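The values are calculated or read from the model by the stated rules, or taken from the named source; none is laboratory data. Being a predicted model, the structure only gives us computed values, none of them experimental. We place every Cβ from the backbone using ideal geometry, glycine too, and count neighbours over all the protein chains shown. SASA here: full protein model, heavy atoms, side chains in, ligands and nucleic acids out. Shrake-Rupley method; radii C 1.70, N 1.55, O 1.52, S 1.80 Å.
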Amino acid sequence: MEIRTNYADDNYTIHVDHGILESHLADYSEGYDDVHFLVDQNVYELYKNSVLSFIDSPIILEGGEASKSFDAFKHITEVLLERGIQRHHLIVVVGGGAAGDAGGFAAATVLRGVDYIQVPTTLLAHDSSIGGKTAINSIHGKNLIGVFYRPKAVIYDLTFLETLPNDEILSGFGEVFKHALLNSEESVRDLMAKTRQEISLDVMKPFIISGIETKMHHVLNDEKESGIRKYLNLGHTLGHAIEYKYKMPHGIAVVLGLYFMMFLSNRVEGRELFDLDHFRQYFIHHGYPIQKLKAIDEEEMMSLMGRDKKNQSRRATGFVLMKSIGQCHFIEIENTELKKYLSYLKESL
């Protein structure tokens, strides 16, 4: 399966299938003088003797969010420079969403920009590898230092998904579920029906492809996040705050944020747009810690959400909410009101 972007220029292809990595990389690397591989350490340990056996002397990235620190960024760029990277070289970033963010940011900044290819290895990264967002973290919050920088390609070899632990599957599924909400009520019903008992990778391929297409639709129409690309942040405002505070996997925190989005959408719309009991039971059945919302500290969450990049005022917090499934809108909620909504949420659980 191939999905091609349709920008005015600098387009790239997203390749999705099993067993495609080495052959596709060979095709792309022919046009460059050298290739530098940045590989997540956990992924390399799992696949260095199989899928990644063709890679010689990769630069190893720390696992997870540790790869997005200033120190990790300095290490990546200094090693690239030590190895003599030049502008007509290619960087290949292999790993999950954090590795993709960090490696993409390094590619965007070293020598003022070197071509790179994203090789996502997690279910979650089917979302984060698309759209050209790159970033590292600050002590003040996630993804606050970064640039928009398109890859030359995304090669999504589904072979990597076969060894994902359950937490990673739950995390990636959070973004899959978000994309279904952005699509339509039918998409949500279909996804929930096919995963009623368990979230199985066997049934996920069409939903992964649909999620990529959804992400591309929003990105192609609004690359710099001034309009509908903001809708991709559905569930992320509180989700990012929870992730940062509790060091919870990104997509699992997003599901908690999606539940609050449903609660808030019901309140703002003044009607039961979402059957909260139905969704809460579904999420809990699959192992999402919805009850964690009952223990959050309102002041702490308000402070963390106040740092969100979408905010336009210190007195209000921006949220992506829904008027119906498939129809989003962006709203600013006065902080005094938002604090009340957080308290009402806790009381409802």
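With a threshold of 30 Å on the Cα-Cα distance, the over-threshold entries among LYS152/LYS292; LYS48/LYS224; LYS215/LYS245 are LYS152/LYS292; LYS48/LYS224. Of interest is the spacing of the C-alpha centroids, which for the stretch 163-237 and the stretch 33-87 amounts to 28 Å. Sorting GLU332, GLU298 by accessible area puts them as GLU332, GLU298; the probe is 1.4 Å, largest comes first, and only protein heavy atoms count. For the set ILE130, ILE169, the ranking by accessible area, highest first and with no ligand, DNA or RNA atoms included, is ILE169, ILE130 under a 1.4 Å probe.
Take the Cβ atoms of SER69 and ASN166, set R0 to 25 Å, and the FRET efficiency comes out at 0.40. With the simple model of a label 7 Å out from the Cα in the direction of the Cβ, ALA193 to ILE139 spans 5.3 nm.
What FRET efficiency comes out for the pair GLU337/TYR7, r = Cβ-Cβ distance, R0 = 41 Å, nearest 0.05? Could you put the intermediate results ahead of the total?
Details: r = 39 Å, r/R0 = 0.95.
Efficiency, from the Cβ-Cβ distance: 0.55.
Taking the three principal axes of the alpha carbon atoms in the chain, the coordinate ranges are 60, 42, 39 Å, sorted in descending order. Among the trypsin sites (Lys or Arg not before Pro) in the stretch 39-125, which ones are in a DSSP loop with at most 15 other Cβ atoms within 10 Å of the Cβ? Mind listing them? Sparse-neighbourhood loop trypsin sites (Lys or Arg not before Pro): LYS48, ARG83, ARG87. Remark: the chain carries a charge dipole of roughly 1200 debye about the Cα centre, counting +1 on each Lys and Arg Cβ and -1 on each Asp and Glu Cβ. With the helix formula -39500 (n - 2.57) applied to DSSP H stretches of n ≥ 4, the chain reaches a computed 222 nm mean residue ellipticity of -13500 deg cm²/dmol. Under 13 Å from a label point set 7 Å out along the Cα-to-Cβ vector of SER29, the amide N atoms of the stretch 113-157 belong to 117.
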